[in-house]
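*Asks:* Please find one structure pasted underneath; my questions will follow.
The values are calculated or read from the model by the stated rules, or taken from the named source; none is laboratory data. Because the structure is a prediction, the values reported are computed rather than measured. Glycine also receives a Cβ, built like all others from the backbone with ideal geometry; neighbour counts cover every protein chain displayed. Accessible surface is based on the protein model in full, side chains and every heavy atom, while ligands, DNA and RNA are left aside. Shrake-Rupley method; radii C 1.70, N 1.55, O 1.52, S 1.80 Å.
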Amino acid sequence: MTHLFYWILFYLDSVFVPGQTNPISASSCFLQGHFEPSFLANGHFMIGGLFPMHYRVEIKLYLILQCWCLFRFDPRAFRWAQAMRFAIEEINKNQNLLPNFTLGYKIYDSCATHVAAQRAVLGVLNGPEETQNAMCFAAAPLLAVIGDSGSSQSVVASNTLQPFRIPMISYFSTCSCLSDRKQYPTFFRVVPSDDFQVKAIAQLLQRFGWKWVGIVTEDDDYGRYALQGLLREFRNIGVCLAYYEMIPKVYDQKRIHEILRVMKQSTAKVVINFAGEGELYPLLKEYMDLNITGIQWIASEAWVTASVLASSYPFMVGTIGFAIRQGKVPGLKNYLLTVNPLRYPNHTMVQELWQHSGYLNTSNLRVTYNVYKAVYAIAHSLHNLINCEPGREPFQNSSCANTTNIYPWEVKFYTFLMLRLILYFLIDSCTPGSRKAVRRGEPLCCFDCVPCDDGKISNQTGVFRYTLSPSPLSRTECIPKAVEFLTHDAMGLTLTVISVVGACLTAAILLVFIRHRNTPIVRVNNSELSFFILLSLILCFLCALLFIGEPTVWSCMLRHTAFSITFSLCISCILGKTLVVLAAFTATRPGNNIMKWLGPKQQRVIIFACTLVQVLICSMWLIAAPPFPFKNTQYSRSKIILECSVGSDWAFWSVLGYIGLLACLCFVLAFLARKLPGNFNEAKYITFSILIFCAVWLAFIPAYVSSPGKFTVAVEIFAILASSFGLLLCLFAPKSYIILLKPQKNTKQHLMGKVIK
């Protein structure tokens with residue numbers, strides 16, 4: 001690097017006290033006063049730091065700058081400087097980032113003014129040894145600068161660093177003027193431009209309906225460019241400007257009083273202020289002394305979160321503004337505690353520090369977090385530069401950097417890439433619980449924040465990918481899902497009661513039939529088959545209970561097989577009874593001996609054979625692919641549905657299909673016998689019972705497929721109970737009515753239709 005401090009001579013030749021001989025000749029070059037860095041540490045690569053650790057400066061002869069005294073000390077800015085030291089020391093201990101290399105730093109106090117910032121950046125550029133006799137003859141191996149906070153100071157510092165192509169990363173300079181890449185090609189920042197802030201303030205004014213406002217800014221680029229942006233937005237939303245005042249850089253009580261007089265006399269009670277803490281301090285002091293009230297302040301990001309103002313000026317309560325996004329820096333607070341007078345007994349700033357309380361406040365790290373990110377951006381840029389591969393971007397046409405002689409402009413390119421990533425992921429970011437959706441056809445930095453889908457979370461800012469979550473109730477953290485199954489809740493208890501009532505009612509009818517088994521109405525309807533049907537219906541009602549409760553391996557296998565076998569037994573008995581009824585009335589024809597083929601033994605064989613087919617199907621089902629408990633997380637992302645998977649869809653629909661086949665056969669035979677003579681035609685009741693049975697199970701199929709969660713099981717139970725009640729009532733209610741309430745009709749003559757009225 002060339003020795004690049006020729007403009008120092010300009011300052012030394014042009015600044016002198018009138019009436020005195022300028023002691024500096026054009027050929028001399030020496031340091032004007034002793035100006036040491038606030039903090040210094042050596043390393044393989046040096047990084048400069050500029051922080052406004054004091055509010056004001058006092059200019060003396062020959063640019064001897066001295067920051068003002070104790071009450072002007074800024075503990076918050078001092079914390080920013082310590083965050084830079086902490087980040088560098090953390091990186092130096094990291095074996096995965098810049099291994100075998102260390103970072104050093106030179107941190108200067110820029111005192112929140114242009115002149116002090118100029119002196120600080122020259123101090124950063126100067127060689128490691130600052131002596132009265134040796135200056136301009138050595139250059140530090142400086143690769144980047146972190147700073148400054150104020151936009152005007154950053155303009156000065158960037159212009160100074162630009163000829164050397166040294167990248168500068170600001171943590172707090174928001175002036176939109178610095179976005180001009182042609183004018184400031186080496187300037188970067190980890191904070192959004194004021195273009196975004198003025199748009200947000202305009203929306204705020206529009207939201208509250210404030211149409212008549214005043215503006216007060218500091219007298220520099222930060223204030224002037226903010227004014228331009230606000231006026232541009234005001235034209236779009238119909239807001240009118242009552243007045244515009246600038247706070248002087250050099251304290252002038254008369255001018256301050258003029259500004260306050262305008263504010264007090266104006267009918268505009270909303271004041272937008274773009275100024276730093278240092279510039280705002282004298283205005284607020286006079287504002288408090290004059291006891292001005294009734295002003296609604298809208299603060300810029302430069303002071304809206306300043307704890308010093310909040311604690312010193314309680315009359316500012318109610319001030320609103322847009323703050324920089326906060327972040328967390330693990331371990332920083334413990335590090336801050338190590339910077340104390342015992343460890344640094346001769347450090348003036350440390351002595352000043354421990355008389356202030358804002359230093360240790362790490363609950364809302366905003367600018368501090370920006371400093372931390374800026375240091376890591378430089379470290380990653382260096383790491384990528386050192387570990388580059390020849391022939392790959394961005395070194396397609398050149399070799400990689402020499403690790404013993406890395407130049408700032410080589411770091412600049414990687415810094416630019418790293419900061420683009422930081423800006424994309426961490427400054428204008430989507431909050432946790434949402435993600436970035438890039439707008440089609442627009443640049444990468446243009447995006448919309450959309451809420452995370454159900455069952456997915458994002459617990460970091462700026463993400464564009466999801467993490468699966470057990471529950472959508474929180475889109476920022478995973479919480480346990482609710483487990484759902486048909487249990488003994490209101491629905492489960494209702495179905496249980498209906499099932500038990502159905503079984504008890506069937507058992508009662510069975511007892512009635514057993515007691516009156518010798519009466520004509522029981523005997524003519526084949527008492528043995530009636531008993532079989534009633535017993536199978538009791539089992540059908542009771543098998544519904546197997547579907548209630550938490551699914552287990554055994555309950556899943558038992559519920560489907562028990563249901564299919566009991567219903568097959570019931571329909572087989574009805575089929576046998578239908579055959580007997582049809583054969584009994586056709587046997588009266590001459591030469592018809594069909595009844596000898598449908599005796600009690602043959603009836604039992606028919607029932608056994610039809611039921612055996614279903615038993616075989618169920619056995620193959622249990623052997624090949626038995627039902628099992630299954631946690632369904634696909635249907636609903638808010639809960640886990642614990643259900644019984646059928647194991648084999650083919651087997652499940654086969655058992656239902658076989659029951660349907662038996663029912664259809666019963667229906668056809670009963671339908672053929674519906675017009676047989678007699679007052680009590682059993683075929684009619686069988687026809688109606690099977691018709692209800694088929695209707696229930698045909699309606700079951702779409703309801704079963706479309707019902708969610710535990711309602712799927714409830715639909716299946718309902719189908720079992722409804723079809724069972726249909727069979728019970730159609731087949732046995734008329735008979736029970738005659739047996740219990742109309743015993744005079746329980747005669748053979750009445751049943752055969754031969755009673756003479």
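*Asks:* Treat each spin label as a single point 7 Å out from the Cα along the C-beta direction, and report the Leu616 to Asn632 distance in nm.
*Replies:* Computed distance between label sites Leu616 and Asn632 equals 3.3 nm.
*Asks:* Through the Karplus equation 6.51 cos²θ - 1.76 cosθ + 1.60, θ set to phi - 60°, convert the phi angles of region 556-567 into ³J(HN,Hα) values in whole Hz; use x for Gly and Pro.
*Replies:* Per residue, the Karplus-derived 3J(HN,Hα) values read 5, 5, 6, 5, 7, 5, 5, 4, 5, 6, 5, 6 Hz.
*Asks:* With a point put 7 Å past each Cα toward its Cβ, work out how far Asn340 is from Glu550 in nm, to one decimal.
*Replies:* 5.4
*Asks:* Within the set of other residues whose C-beta is less than 10 Å from the C-beta of Leu332, count the net charge using Lys and Arg as +1 and Asp and Glu as -1. The partial results should precede the final answer.
*Replies:* On the way: positive: Arg79, Lys328, Lys333; negative: Glu90.
With Lys, Arg at +1 and Asp, Glu at -1, the net is +2.
*Asks:* Let me ask something else. Would you work out what percent of the accessible area of region 185-239, with all protein chains in place, is carbon or sulfur (probe 1.4 Å)?
*Replies:* 51
*Asks:* Read phi for every residue in region 333-347 and hand back ³J(HN,Hα) as whole Hz from Karplus 6.51 cos²θ - 1.76 cosθ + 1.60, θ = phi - 60°, with x for Gly and Pro.
*Replies:* Karplus values, whole Hz, x for Gly and Pro: 4, 5, 5, 4, 5, 6, 8, 9, x, 5, 7, 10, x, 9, 8.
*Asks:* For labels at Arg261 and Ile320 in the simple 7 Å Cα→Cβ model, what's the distance in nm?
*Replies:* 3.2
*Asks:* Right, something else. In cubic angstrom, how much convex hull volume per residue do the alpha carbon atoms of region 322-386 span?
*Replies:* So the per-residue Cα hull volume is 133 Å³.
*Asks:* Also: Provide the gained length on full extension for the span Tyr244 to Asp649, in nm with one decimal, where the gain is 0.36 nm per separating residue minus the Cα-Cα distance.
*Replies:* Going from the current span to full extension adds 138.0 nm.
*Asks:* Now, a different point. What pairs in Lys211/Lys249; Lys601/Lys735; Lys577/Lys601 have C-alpha atoms more than 19 Å from each other?
*Replies:* Beyond 19 Å: Lys211/Lys249; Lys601/Lys735.
*Asks:* Please list, ordered by chain and number, the residues whose modelled amide H lies under 5 Å from the amide H of Asp219; skip anything fewer than 5 residues away on the same chain.
*Replies:* Placed amide hydrogens put Ile247, Lys249 under 5 Å from Asp219.
*Asks:* Which ³J(HN,Hα) values, rounded to whole Hz and listed in residue order, are derived for region 212-226 from phi using the Karplus coefficients 6.51, -1.76 and 1.60 in 6.51 cos²θ - 1.76 cosθ + 1.60 with θ = phi - 60°, glycine and proline given as x?
*Replies:* With the stated coefficients, region 212-226 comes to 10, 9, x, 10, 10, 10, 7, 8, 6, 4, 4, x, 5, 5, 5 Hz.
*Asks:* While we're looking at this one, here's another question. Computed FRET efficiency, Cβ-Cβ of Arg232 and Thr102, R0 51 Å: what is it to the nearest 0.05?
*Replies:* Efficiency computed from Cβ-Cβ geometry: 0.60.
*Asks:* If you scale each eigenvalue of the Cα gyration tensor by 5 and take the root, what three semi-axes come out for region 680-746, rounded to whole angstrom and sorted largest first? Display every interim value, and only then the final one.
*Replies:* On the way: eigenvalues 213, 31, 4 Å².
Over the Cα atoms of region 680-746, the semi-axes work out to 33, 12, 5 Å.
*Asks:* Could I ask something else about it? Would you pull out the residues with amide H under 5 Å of Arg435's amide H, same chain only if 5 or more places away, H placed 1.01 Å from N?
*Replies:* The list, which skips near neighbours in sequence, is Val450, Cys452.
*Asks:* OK, next. How high is the FRET efficiency from Thr487 to Ile701, r the C-beta distance, R0 22 Å, rounded to 0.05?
*Replies:* With a Förster radius of 22 Å, E is 0.30.
*Asks:* Amide H neighbours of Ser170 under 5 Å, at least 5 residues apart or on other chains, H built in the peptide plane: list them.
*Replies:* Residues meeting the criterion, in which the H sits 1.01 Å from N, are Gly147, Phe188, Arg189, Val190.
*Asks:* Cross-link candidates for Lys481: which lysines have Cα within less than 29 Å, leaving aside residues fewer than 8 places away along the same chain?
*Replies:* Here the lysines satisfying the reach criterion relative to Lys481 are Lys436, Lys456, Lys631, Lys639, Lys710.
*Asks:* Starting with the highest mean, order 498-507, 113-122 by the number of other Cβ atoms within 10 Å, averaged over the residues of each peptide. Walk me through the intermediate numbers first.
*Replies:* Working: 498-507: 17.9, 113-122: 24.1.
In descending order of packing, they fall as 113-122, 498-507.
*Asks:* In addition: Can you pull the Rg over Rh of region 249-379, Cα-only, Kirkwood?
*Replies:* 1.04
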